[in-house]
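Since every read-out is calculated from the coordinates, none of them should be taken as a lab result. Because the structure is predicted, anything quoted here is derived from the model rather than measured. Glycine gets a Cβ as well: all are built from the backbone with ideal geometry, and neighbour counts include every protein chain shown.
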Amino acid sequence: MASARHGTGAGPRDPVVDGKAEAITELMLEVAQCFFRIRALGQKTGLITSWGGGAFGFMRSLALLGPLTVPQIAQMRPTSRQRMQRLADELAAEGLVEFIDNPKHRRSKLVQLTRKGAAR
């Protein structure tokens, strides 16, 4: 009885379930194609750089919220603080962000957009 409820028995396959599985597979393929097209457009326009699309989201957070610490930015994203630190360092090397003193914490600098970064 339990195997019939969970679809593990040897009985006939349910065409509705098969149709849904096929539709989900098609959707996944379409989403993947869409992702690669958007990424290519982002690379052409400079919104996605050689280090990935994370730069756009990182800079967008600073544009919307103002100066933030790297840990604050990392808390907003499904990624590690270390990854955000590397990205901040790369963006600083490109002149897109800069580190400034944080009046609330001596060691944890704030990251803010430079004029060049704000123009992108």
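Miscellaneous remarks
- Across region 32-40, rounded Karplus estimates of 3J(HN,Hα) from the backbone phi angles (6.51 cos²θ - 1.76 cosθ + 1.60, θ = phi - 60°) give 4, 4, 4, 4, 5, 5, 5, 4, 4 Hz, Gly and Pro being marked x.
- Cα shape, region 54-119, gyration tensor, a/c 1.5 rule: rounded
- Ranked by how many other beta carbons lie within 10 Å on average, peptides 97-108, 13-24 from highest: 97-108, 13-24
- Extended-chain gain in nm, criterion 0.36 nm per residue less alpha-carbon gap, ASP14 and LYS109: 28.4 nm
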